[in-house]
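Engineer: Structure provided below as structure tokens; questions to follow.
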Amino acid sequence: MKLNTRFMTRNDCFTAGKKIIPRGIMVHSTATPGVMAADWFSRWNKSYKAGETSRQVAVHAFVDDQGVWQYLPWNHRGWHCGGTGNNTHIGFEICEPSGFSYGKGSTMVGYNVSKNEAYFRKAWQNAVELCVMLCQQYDLTEKDIICHSEGAEKGIASNHGDVMHWFPKHGENMDSFRAAVRAALNKSPDLPTGIQVGDLVEVKASANSYYPGGATIPTWVKTDSYHEVSQVVSNGKPVVKGGKTCVLLGKKVNKKTGVKSAGIMSWIDKDALIIIKGFAQGVAKPSGAQKYYRVQVGAFADQDNAEALLKKVKSAGFPDAFIRYQ
């Protein structure tokens, strides 16, 4: 992904200077066939207050098949969704190719799927890579990504159809987009086994430091909170600290209330963690309601005994075995 940065300093949204703490990402598409990412600077770098434009709108970036153009700082409050999502979400637009027009509503008239497939795939990939970068930067996962139409369903955005008027034409939807982001976040030939982005984990009581030679783990990290895993690789490779493969802990989850809050953002030896809830356990069943059978091999009051059996099970050829605390 090629990232170009050129802030729209004339846009009233930029001069307002209001900041946000990004809690999610909202994907839009332009509904303006043939206008590419670099072209939007001259269109939107204007002031409504000064009478230079008739629109009060600004997104953080535009994406096309060539790359990404960033027009607002990521932590700036954008004017992209017509609702409260502006207070919480980074918004970017995927540019649509030329050669068609719009009929009533969001109907794409004359859109040639086969002709535009190559463009779509390149723009799709750039959008995925942008989301990966933002997830890593702001402690987000693919679960924090929605499109404008999903924002409307949640009541945090205006009633627009993007991007679900376009993605399905190429056999995609927001679920497959999120899956692509998740796969990219985890992409590595040597991923830490057993722990994935989005897993809910607990730090073992026996763990003293985050990794050999690392900082001492505060007591509250082990006793008060669970933690979401926000990253398992960096630049496509596992992160090794003190000779141990580590994962990044993101948001903390109160053990009693389940309330999420800002996390410690610390790399920790994956062997110092117990999986409380795997990411896949929180995913809705696919259409067709395929069922799976799980085998429980023991229940223990003592954590050390549970870990000892887990080690035996894995050595016996079941690498996906895990401990679940209830």
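Engineer: Of the numbered conditions (1) out of contact with any Asp or Glu (no Cβ under 9 Å at 6 or more places or on another chain); (2) in contact (Cβ under 8 Å) with a residue 24 or more places away in the chain; (3) under 24 Å from LEU140 (Cα atoms); (4) not in a helix (DSSP H, G or I), GLY213 satisfies every one except a single condition; which is it?
Structural biologist: (3)
Engineer: Looking at (1) among the acidic types (Asp, Glu); (2) assigned to a loop (DSSP other than H, G, I, E, B); (3) out of contact with any helix residue (DSSP H, G or I) (no Cβ under 8 Å at 6 or more places or on another chain), which one does ASP65 not meet, given that it meets all the others?
Structural biologist: Checking ASP65 against (1) among the acidic types (Asp, Glu); (2) assigned to a loop (DSSP other than H, G, I, E, B); (3) out of contact with any helix residue (DSSP H, G or I) (no Cβ under 8 Å at 6 or more places or on another chain), the one that fails is (3).
Engineer: Please give the number of the condition TRP74 fails out of (1) touching a strand residue (DSSP E or B) at 6+ places or on another chain (Cβ under 8 Å); (2) of a type outside the set (Asp, Glu); (3) within 22 Å of ASN159 (Cα to Cα); (4) not in a strand (DSSP E or B).
Structural biologist: (3)
Engineer: Go through (1) open to solvent by 20 Å² or more (accessible area, probe 1.4 Å); (2) under 23 Å from ASN159 (Cβ atoms) one by one and return the number of the condition SER29 breaks.
Structural biologist: Checking SER29 against (1) open to solvent by 20 Å² or more (accessible area, probe 1.4 Å); (2) under 23 Å from ASN159 (Cβ atoms), the one that fails is (1).
Engineer: Scanning segment 95-117 for residues that are of a type in the set (A, V, I, L, M) and touching a residue at least 40 places away in the same chain (Cβ under 8 Å), which turns out most open to solvent (accessible area, probe 1.4 Å)?
Structural biologist: Restricting to residues being of a type in the set (A, V, I, L, M) and touching a residue at least 40 places away in the same chain (Cβ under 8 Å), the top hit is VAL113.
Engineer: State which residue is nearest to ILE21 (Cα to Cα) when the search covers only segment 140-166 and only residues that are part of a helix (DSSP H, G or I) and under 18 Å from the mean Cα position of the chain (by Cα).
Structural biologist: ASP144
Engineer: Pull up segment 1-42, narrow it to residues that are under 21 Å from HIS148 (Cα atoms) and in a helix (DSSP H, G or I), then point me to the one that is nearest to the chain's Cα centre (by Cα).
Structural biologist: The extreme case among them is ALA37.
Engineer: Okay, moving on. For segment 48-80, name all the residues that are free of Cβ contacts under 8 Å to residues at least 60 places away in the same chain and open to solvent by 40 Å² or more (accessible area, probe 1.4 Å).
Structural biologist: First pass over segment 48-80, keeping only residues free of Cβ contacts under 8 Å to residues at least 60 places away in the same chain: 48-60, 62, 75, 80.
Result: TYR48, LYS49, ALA50, GLY51, GLU52, SER54, ARG55, GLN56, ASN75.
The values are calculated or read from the model by the stated rules, or taken from the named source; none is laboratory data. For clarity, every value in this text was computed on a predicted model and none was experimentally measured. Backbone-built Cβ (ideal geometry, glycine too); neighbour counts: all protein chains shown. Protein only, heavy atoms only, side chains kept; ligands, DNA and RNA dropped before computing areas. Shrake-Rupley method; radii C 1.70, N 1.55, O 1.52, S 1.80 Å.
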